[in-house]
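Quick notes on the structure that follows.
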Amino acid sequence: MTEIEARTEPRSGMDWLLTGVGMTIFGYMVYATLYGPYRTTIVHLALFACAMLFIAFLDRARSKTPLVRGLQWGMDLAFAAGTLVTMGYVILNFERLINLWGSSFLTPMDVAIGVAIIVIALEASRRHSLILFGLGVFGVAYMLWGAHFPGVMQHSGMDLKRMIYLVAYTTEGFFGTGLGVAASYLFMFMMLGSALQATKTGDFIMKVANATTGRQVGGAAKSAMIASAGLGTMVGSSVGNVVATGTFTIPLMIRTGFKRHVAAAVETNTSEGAQLVPPILGAAAFIMAQLTGIPYATIAVAAILPAILYYLSLFCVVHFEARKAGLAGIPEDEIPSFRDAFRDGWHLLVAPAVLFYLLIAESYTPSYASVIAIGIAMVCGLARSVSRLPLSQVLDHFDSGARQAAAITALIVSIGILQAAIVTTGLGPRIADIILSISDGSLLVTALLAVVAATLLGMGMPTPIAYLLLAMFTAPALTAAGAPLLGAHMFLFYFAIKSGSTPPVALVAVVAAGIARANWWQTAVTAFMQAMPGFIIAFMFLFSPSLLLQGEPMTVAVSAVSAAIGVFALAAAVQGWCAGRITLLERALLATSALSLINPGYATDLIGIAMVGLIYLRRARIYRAATLAQPG
């Protein structure tokens, strides 16, 4: 990760206040992880939401115009104070509130506080995502006036008190899945990312990546893949991964000959792909386990082959791009010694290794394993001078992590309103019916509609939130159309990841293009084309469970080999290179072969392998003859 520079200006009083709140909630979350939540789950979530929303409302850039700045400060302070009052009310009255028998038992003060909670949740989301804000407003309107909606969207409706009770005081609303995910998974993983940043783990991974692949054709881009995959799986954010590794990798790619938009596109895809890398999958594996009931270990194992195929496809795309452009590797004097890099940084691998062991072998909860990993990372990092930062910079890193977690919590709280609307009105099954009626029950058409939904719902969203929304809206339709449960959710997770680089918003591509000083639209389109082999693989999750390591070992092995050759073929077709430049006809034949290889079946595999082999051998022979014919 990029290091936080030492502060050149003293902290303001507000900075110290927000840092203090962030470190206090960090300490509490560590305590709650080790010894259990304070009082009850709702009190625990209220404490967490109180701190996170307080930080989120006060930690933002403001206008330089005095009048506008004054108005912004007034609103920020009002909402921060409202957060303290509403969450404090829930904490002080939790025993009565959790034992209410229904909305008829709400007092006038309960109703007023409930309205304030809903308004605060909507405003917190509005500041970060108009899409989530709009969905939250729709959820409120749908619960209140669903009787006036047409057709299958219609339900009996409910009065204001019942809506407030369901949204503000039950685990199907504000204190439901969204806030629970932020508190149980995202917060501690973001703090783990801060610990790795504070111990210079990102620098170590970058040096190892350069030492490993830097000398190869297109070595800078291949090093970017290793660095992003190694660190990004624990960052949990594609944008965060681009910022963390892209500031190093993108300039290096450009300096070694890659076009600016191509370098930005490569970093976009490698940063997104990191969230496919097991065992963490950018924290989404834990959310998937909670939503589906599938054991976490099963999900982590199922992600192995998709991650390998994704990075194999990207490796092929990068290699072919470098071959076409005649690019070499990183200059020799810029390639670090692997021995020196490993000697200086091996101790930084202890924390990730312990984390993986605790999650996979010991089945520890994600938060508990993360707390232990944070402690080990700090001890290992501070123990040696090469990875030791001043304590002031360590504080800056953790402060940054807490503020990032606050921003994501602010984004996610309105999901509780949407959850309440879906669960209490029966909207979920009706959405599945609507999708299935449009697709006429076709799994392929249903999957295409899910991709459209992923593009729309994932605009500007962190991957875990985008996946959570897709799981709520489209997963039931996919499974009803015949997709296996694990395959459906892995499919949705994949496109939740890729929504970050898919036009028209393409936030991840925009950030990468900013670092590269490239055109963001050109970057997004290039990233989309580079990722096409991966798109095909994702669709096969729905039709071939063997790609998720489900089934007989021989079937899994055959599917893996054929899919790998298919990925190679499709990458060659996209890039127009297969042991030399290829014609449009050959590209079409390779694309057809790729589809037949990724699609399970011995007959299609044999046809595809034969076609790919013939084209490759023909082009290799032509390339060899041309090379021998050159003078000297």
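List of remarks:
- Cross-link pairs Lys64/Lys200; Lys200/Lys324; Lys64/Lys207; Lys200/Lys259; Lys64/Lys498 - those with Cα-Cα distance over 32 Å: Lys64/Lys200; Lys200/Lys324; Lys64/Lys207; Lys64/Lys498
- Sorted peptide list for 41-52, 403-414, criterion being average Cβ within 10 angstrom, highest first: 403-414, 41-52
- These residues, Glu362, Glu272, Glu332, go from largest to smallest accessible area, 1.4 Å probe, as Glu332, Glu362, Glu272.
- Acute angle (nearest 10 degrees) that the helix 553-575 long axis makes with the longest principal axis of the chain, alpha-carbon atoms: 80
- Rounded to whole Hz, the Karplus (6.51, -1.76, 1.60) HN-Hα couplings of region 41-56, x for glycine and proline: 4, 5, 5, 4, 5, 5, 4, 5, 5, 4, 5, 5, 6, 4, 5, 4
- Around Ala594: net Lys/Arg minus Asp/Glu count, Cβ-Cβ under 15 Å: -1
- For region 176-327, the carbon plus sulfur part of the accessible surface works out to 62%, probe radius 1.4 Å.
- Ordering of 572-582, 92-102 by burial proxy (mean other Cβ atoms within 10 Å per residue, highest first): 572-582, 92-102
- Approximate spin-label separation Leu614-Met378, in nm, with each point projected 7 Å along Cα-to-Cβ: 6.4
- Under 5 Å, built H, 5+ apart or other chain: amide partners of Ala328: Gly218
- Over all other residues within a Cβ to Cβ distance under 12 Å of Arg517, the charged ones net out to +2, with Lys and Arg as +1 and Asp and Glu as -1.
- Hz values of 3J(HN,Hα) by residue in region 71-79 - Karplus curve (6.51, -1.76, 1.60), Gly and Pro given as x: 5, 5, 4, x, 5, 4, 5, 5, 6
- For the peptides 543-554, 446-457, 281-292, residues were scored by their other Cβ atoms within 10 Å and the scores averaged per peptide; the highest-first order is 281-292, 446-457, 543-554.
- Entry note, the chain: the mean residue ellipticity at 222 nm calculated from DSSP H runs of n ≥ 4, each adding -39500 (n - 2.57), is -24000 deg cm²/dmol after division by the residues and rounding to the nearest 500.
- Angle between the chain longest axis and helix 463-473 axis [Cα atoms, degrees, rounded to 10]: 70
- Accessible surface of region 452-588, 1.4 Å probe, proportion on carbon and sulfur as whole %: 72
- Between 0 and 90°, nearest 10: helix 602-629 axis offset from the chain longest Cα axis: 50
- C-alpha center-to-center spacing [region 192-222, region 111-125] in angstrom: 44
- R0 of 41 Å, Cβ-Cβ distance Ala361-Leu17: FRET efficiency to nearest 0.05: 0.50
- Per residue, the chain exposes 40 Å² of solvent-accessible protein surface, assessed with a 1.4 angstrom probe and all protein chains in place.
- For region 292-379, the relative contact order works out to 22 percent when only alpha carbon pairs closer than 8 Å and six or more residues apart are counted.
- Mean separation of Cα contacts under 8 Å, 6 or more apart, over the residue count of the chain: relative contact order %: 18
The values are calculated or read from the model by the stated rules, or taken from the named source; none is laboratory data. Note that this is a predicted model, so its numbers are computed, not measured. Positions of Cβ are generated from backbone atoms using ideal geometry, with glycine treated the same way; all protein chains shown enter the neighbour counts. For the accessible areas, the whole protein counts, side chains as well, though only heavy atoms, and no ligand, DNA or RNA atoms are used. Shrake-Rupley method; radii C 1.70, N 1.55, O 1.52, S 1.80 Å.
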